[in-house]
Amino acid sequence: MTATLTPAQRPLLLRNRDFALVWIGQVLSQGGSRIYQIGLLWWLLGEVSPDLRGIAAGAFLVLVAVPALLLVRVIGRVLDTVPSRTVMLRAEIVAGFAVAVVAGLAWIGHVPVWPVYVVGLVVATCQAFFDPCLTKATPELVAEPDVERAIGFESSTQSVANFAGAAFGALLLATVGFPGAVAINAASYAISALCLAAAKFRSSPAPKKSADAENRPEGLRQFLRALPGVWPLLACFAVANCFSAPTLLVLPLYTQVVLHGSAETLALMESGLWLGLLLGAVCAAYIKVPGRTTRFAAACIAGFGGCLCLPGLVPVEVVCLTALVLAGLCLGVANVKFVALFQRVVPDGRKGRFFAILQASICAGFPLAFLAFGALGDAVSPQTLWLIQGVGLAAVGLALVTMRDPRPS
């Protein structure tokens with residue numbers, strides 16, 4: 001006899017139409033943003049004079065990181081007061097229209113440099129609203145038992161979209177050129193908007209929203225103090241990101257200087273890291289935590305740090321690849337467990353602002369971490385950089401061990 005799966009045993013994407021539609025929108029939105037950034041960077045390098053290429057590319061990368069930092073209060077307020085479906089749908093429509101303008105200019109063969117920066121800022125602003133709104137809206141799409149599994153899907157998809165979007169963007173530039181790549185990007189936003197328009201979101205109870213809105217503290221410090229058990233975890237999460245993000249900076253240095261590898265070797269190493277992140281995000285929902293989530297997450301982050309120490313101690317290619325897969329696995333599991341914990345303990349009326357702050361803390365950590373480790377890279381070996389990362393992450397893990405799981409407010 002053939003076993004028949006019950007509805008609850010079927011894959012989440014097959015039994016929840018609304019979540020599947022939003023997930024498709026996430027793939028197209030986040031992947032499309034990455035395609036646009038890669039395409040625009042490549043186009044900029046070909047348009048500006050050689051002595052200005054570094055400044056032009058750096059300015060563009062800084063520009064796309066600005067909205068999540070400067071608009072954190074606005075994003076949080078909008079996410080807490082406007083329906084999630086409306087926020088994400090409008091973000092996709094605006095981003096798609098902006099990219100379509102660049103696509104039109106590219107097809108007629110006249111693209112000034114300044115609109116590229118303006119559209120890049122618009123797309124980054126839309127993404128700054130879309131990403132935390134997607135996280136906040138997860139309980140509006142799935143039942144409580146499926147929340148952690150849905151977070152795993154979203155987390156793994158974000159990793160794959162960023163990685164595949166960069167690779168696909170380069171492929172599009174090589175095949176259909178800049179005009180074709182931007183046009184496909186605009187079409188991805190249009191399809192994403194159609195998916196979001198067809199999805200149905202469950203709204204939180206109105207009385208609870210009203211009470212939270214009336215009692216919401218003013219200012220970032222007061223807001224975080226109103227979540228006494230949450231803000232220390234948020235701080236640890238941000239510090240851990242400062243030590244984990246430079247992996248993408250250290251890895252090319254290590255591959256070239258220590259392993260004496262080629263571009264193919266670097267691609268293999270990065271693929272190992274992304275594969276680990278994907279496996280960790282997918283498997284996290286199936287890992288049951290008997291005790292405190294913070295203690296388990298601390299072990300994952302410490303394990304991540306330990307894995308990063310291995311290439312620093314044993315400079316062998318196969319060791320580095322294995323360590324990166326395991327490091328990505330630990331980080332992927334920790335990310336899902338943290339976000340699932342935040343979903344449980346942060347009140348519905350404050351989730352929008354909280355996840356906007358979480359996004360801003362991550363974005364703020366990237367330039368600081370890259371600047372610090374870039375300066376260190378000129379003074380110490382790549383192996384030492386791995387060890388610094390590992391020790392820093394181990395320290396974060398030790399700090400997390402002392403913390404208790406916050407209780408729902």
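Side notes on the structure shown:
- Any hit, region 336-347, residues being assigned to a helix (DSSP H, G or I) and farther than 30 Å from Thr81 by Cβ: no
- Region 80-103 residues that are touching a residue at least 12 places away in the same chain (Cβ under 8 Å), paired with ones that are surrounded by fewer than 17 Cβ atoms within 10 Å (Cβ to Cβ) and of a type in the set (Ser, Thr, Tyr) (beta carbon under 8 Å, 6 or more apart): Pro83/Ser203
- Tabulated pairs, region 9-24, first surrounded by 13 or more Cβ atoms within 10 Å (Cβ to Cβ), second at pLDDT below 85 and basic (Lys, Arg), C-beta under 9 angstrom, 6+ apart or interchain: Leu12/Arg149; Asp18/Arg202
- Test for Ala285: is it within 17 Å of the chain's Cα centre (by Cα) and not aromatic (Phe, Trp, Tyr): no
- Every pair of residues 6+ apart whose Cβ atoms lie under 9 Å, when the first sits in region 387-409 and is farther than 30 Å from Gly349 by Cβ and among the β-branched types (Val, Ile, Thr) while the second is modelled with pLDDT of 90 or more and not in a loop (DSSP other than H, G, I, E, B): Ile388/Gly312; Val391/Gly305; Val391/Cys309; Val401/Ala299; Val401/Ala302
- The residues in region 297-326 that are surrounded by fewer than 16 Cβ atoms within 10 Å (Cβ to Cβ) and part of a loop (DSSP other than H, G, I, E, B) can be counted, and the count is 2.
- Number of positions in region 364-409 that are in a loop (DSSP other than H, G, I, E, B) and of a type outside the set (Asp, Glu): 10
- Residue among Leu368, Leu358, Leu376, Leu341 that is assigned by TED's automatic domain parsing to the domain that holds Ala240 and modelled with pLDDT under 80: Leu368
- Thr294 vs. criteria free of Cβ contacts under 8 Å to residues at least 60 places away in the same chain, in a helix (DSSP H, G or I), among the β-branched types (Val, Ile, Thr) and touching a helix residue (DSSP H, G or I) at 6+ places or on another chain (Cβ under 8 Å): no
- Set Gly377, Gly349: member being touching a residue at least 40 places away in the same chain (Cβ under 8 Å), within 29 Å of Glu144 (Cα to Cα) and surrounded by fewer than 24 Cβ atoms within 10 Å (Cβ to Cβ): Gly349
- Checking each residue in region 352-372 for being more than 13 Å from Asp131 (Cα to Cα) and not aliphatic (A, V, I, L, M) picks out Ser361, Gly365, Phe366, Pro367, Phe370.
The values are calculated or read from the model by the stated rules, or taken from the named source; none is laboratory data. As the structure is a prediction and not an experimental result, all values here were calculated from the model. Here Cβ is always computed from backbone atoms with ideal geometry, including for glycine, and neighbour counts include all displayed protein chains.
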